[in-house]
């Protein structure tokens, strides 16, 4: 491994590697967020755990423990889904970074596999900039835009859909129940997901937004390759960014 996991080190081992040249990676993935009838609540946490291991193999980084609670307001109607407030989420990332900055690091990268999370991360980014610290985070829309245009067959989607289910078939197939995979994609996409047809929001009785039935391991392998490549380049862009003064 090129990278190091902070949680597996003693403080004496951590001291010399926490310096101004260090890139701190903060994996972010919910351990309790609905992903339809065919994927577990900890789907995003599993994804973050997998991707952090891929980065550890390939990049000189220090990875801190995965953040498993955050800002996920789109899924609050589905039992088991947990969200924190926008302010709490932003403050948590800010405080993780400022705690570590005391020992030297100035650059932080959130390995982000959420959409709503970007709003809280942008708030943390602004807060940290005022303290002279650099925070960057994965833009999931931009990351998925790197995929081959013909990879997905569904008419549309963004959650527990063809692409996300394919990813899980590649990295954690034992957690996927394709017998329960379904399609939920309607014209009334106007906000968070809802089980209430008359709520005026994105109606999804299953919690899926897209067509999970079209998923395959082969598609998932291609998604993994593209995501890891994107993440490595994103981290290197941060490494080359001049530190704030």
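The values are calculated or read from the model by the stated rules, or taken from the named source; none is laboratory data. Please read all numbers here as calculations on a predicted model, not as lab measurements. Every residue, glycine among them, receives a Cβ derived from its backbone with ideal geometry; neighbour counts consider all protein chains shown.
Could you check, for region 162-184, whether at least one of its residues is closer than 18 Å to residue 116 by Cβ and assigned to a helix (DSSP H, G or I)? Checking region 162-184: at least one residue is closer than 18 Å to residue 116 by Cβ and assigned to a helix (DSSP H, G or I). Considering only region 67-86, state which residues are under 28 Å from residue 19 (Cβ atoms) and without any contact (Cβ under 8 Å) to a residue 40 or more places away in the chain. Residue satisfying the conditions is 68 alone. Condition check: surrounded by 19 or more Cβ atoms within 10 Å (Cβ to Cβ), over 28 Å from residue 54 (Cβ atoms) and touching a residue at least 12 places away in the same chain (Cβ under 8 Å). Does residue 193 satisfy that? Spelling it out, residue 193 is indeed surrounded by 19 or more Cβ atoms within 10 Å (Cβ to Cβ), over 28 Å from residue 54 (Cβ atoms) and touching a residue at least 12 places away in the same chain (Cβ under 8 Å).
The residue that is surrounded by the fewest Cβ atoms within 10 Å (Cβ to Cβ), counting only those in region 97-118 that are without any contact (Cβ under 8 Å) to a residue 60 or more places away in the chain and either over 17 Å from the mean Cα position of the chain (by Cα) or outside any loop (DSSP other than H, G, I, E, B) (or both), is 102. Selection of region 124-136 for residues being free of Cβ contacts under 8 Å to residues at least 60 places away in the same chain and touching a helix residue (DSSP H, G or I) at 6+ places or on another chain (Cβ under 8 Å) yields 124, 127, 128, 131, 135. Checked against (1) in contact with a strand residue (DSSP E or B) (Cβ under 8 Å, 6 or more places away or on another chain); (2) buried (at least 21 other Cβ atoms within 10 Å of the Cβ); (3) within 30 Å of residue 135 (Cβ to Cβ), residue 241 passes all but a single condition, namely (2).
Going through 94, 81 one at a time, which residue ends up being surrounded by 15 or more Cβ atoms within 10 Å (Cβ to Cβ), modelled with pLDDT of 95 or more and farther than 27 Å from residue 10 by Cβ? Of 94, 81, the one residue that is surrounded by 15 or more Cβ atoms within 10 Å (Cβ to Cβ), modelled with pLDDT of 95 or more and farther than 27 Å from residue 10 by Cβ is 81. Where residues in region 124-161 are surrounded by fewer than 17 Cβ atoms within 10 Å (Cβ to Cβ) and assigned to a helix (DSSP H, G or I), which of them is nearest to the chain's Cα centre (by Cα)? That would be 141. Against the test of being touching a strand residue (DSSP E or B) at 6+ places or on another chain (Cβ under 9 Å), in contact (Cβ under 8 Å) with a residue 12 or more places away in the chain, crowded, with 17+ Cβ neighbours inside 10 Å and part of a loop (DSSP other than H, G, I, E, B), the options 121, 55, 51, 41 yield a single qualifying residue, 41. Among the residues of region 17-38, the ones that are part of a loop (DSSP other than H, G, I, E, B), in contact with a strand residue (DSSP E or B) (Cβ under 8 Å, 6 or more places away or on another chain) and surrounded by fewer than 22 Cβ atoms within 10 Å (Cβ to Cβ) come to 2 in all. Can you name the number of the only condition in (1) over 30 Å from residue 178 (Cα atoms); (2) in contact with a helix residue (DSSP H, G or I) (Cβ under 8 Å, 6 or more places away or on another chain); (3) in a loop (DSSP other than H, G, I, E, B) that residue 14 fails? Failed condition: (3). I'd like the full set of residues that are in a loop (DSSP other than H, G, I, E, B) and either closer than 21 Å to residue 171 by Cβ or touching a strand residue (DSSP E or B) at 6+ places or on another chain (Cβ under 8 Å) (or both), limited to region 58-96. Residues satisfying the conditions are 59, 60, 61, 64, 65, 66, 68, 70, 72, 77, 78. Residues in region 208-219 that are surrounded by fewer than 23 Cβ atoms within 10 Å (Cβ to Cβ) and either within 13 Å of residue 186 (Cα to Cα) or out of contact with any strand residue (DSSP E or B) (no Cβ under 8 Å at 6 or more places or on another chain) (or both): 211, 214, 216, 217, 218, 219.
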